[in-house]
Amino acid sequence: MDCLFCKIAAGEIPSTKVYEDDEILAFRDISPEAPCHVLVIPKIHIPSMDGITPENSAVVAHIFEKIPEIAKLGGAENGYRVISNCGPDAGQSVPHLHFHVIGGAKLPLHVFPEKE
Ligand code: DGP
């Protein structure tokens, strides 16, 4: 399958790893928006949040069990935010389920800047 994050998970494309086990990989975003900007992916291909099913949701639970540890390893010592963009309106650019773990700085509260 021609999927960028499947290739990163398989080690065919290099990444800066933060955490890895048999089921998931966490690596630094190529275009970080904060001092800690880590992407957490399942190694199996799930296209987006819309592709989560009873058959594959255990790996999503595993991701969420590991995120506190991954956030600290990534440099978010004082809190963090988890974001998963799903579909065009959210700006999903890589069609392999991923969770952005963002922190290491005080984050803006609102999605729309005019609400600041
Ligand atoms: P999203 O827009 O939510 O689909 O996020 C995709 C993220 O993936 C985006 O923040 C940039 C990151 N990204 C894209 N290509 C690569 C890559 O080759 N390596 C790494 N480390 N990150 C990538």
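Residues of the stretch 6-18 that are near the ligand (Cβ under 8 Å from one of its atoms) and either open to solvent by 60 Å² or more (accessible area, probe 1.4 Å) or within 11 Å of residue 44 (Cα to Cα) (or both): 16 alone. Answer yes or no as to whether residue 21 is within 14 Å of the ligand (Cβ to nearest atom), farther than 21 Å from residue 104 by Cβ and exposed (fewer than 11 other Cβ atoms within 10 Å of the Cβ). It is false that residue 21 is within 14 Å of the ligand (Cβ to nearest atom), farther than 21 Å from residue 104 by Cβ and exposed (fewer than 11 other Cβ atoms within 10 Å of the Cβ).
Under the condition of being open to solvent by less than 60 Å² (accessible area, probe 1.4 Å) and in contact with a Pro (Cβ under 6 Å, 6 or more places away or on another chain), the residues counted in the stretch 42-92 number 2.
Filtering the stretch 92-111 down to residues that are modelled with pLDDT of 95 or more and of a type in the set (Val, Ile, Thr), which residue is nearest to residue 51 (Cα to Cα)? In this case the residue turns out to be 94.
In the stretch 24-33, of all residues being over 11 Å from residue 100 (Cα atoms) and open to solvent by less than 30 Å² (accessible area, probe 1.4 Å), the one that is farthest from the ligand (Cβ to nearest atom) corresponds to 24.
Would it be correct to say that residue 105 is assigned to a loop (DSSP other than H, G, I, E, B) and open to solvent by less than 50 Å² (accessible area, probe 1.4 Å)? Steps first, please.
Details: assigned to a loop (DSSP other than H, G, I, E, B): yes; open to solvent by less than 50 Å² (accessible area, probe 1.4 Å): no.
So residue 105 does not fit the description; no.
For the stretch 15-59, the set of residues classified as under 17 Å from residue 81 (Cα atoms) and free of Cβ contacts under 8 Å to residues at least 12 places away in the same chain consists of 31, 32, listed by residue number.
The values are calculated or read from the model by the stated rules, or taken from the named source; none is laboratory data. A quick note: this is a predicted structure, and the numbers were derived from the prediction, not measured. Cβ coordinates were reconstructed from backbone atoms using ideal geometry, including for glycine residues, and neighbour counts include every protein chain displayed. Heads up: the accessible areas ignore ligands, DNA and RNA and are worked out on the full protein's heavy atoms, side chains in. Shrake-Rupley method; radii C 1.70, N 1.55, O 1.52, S 1.80 Å.
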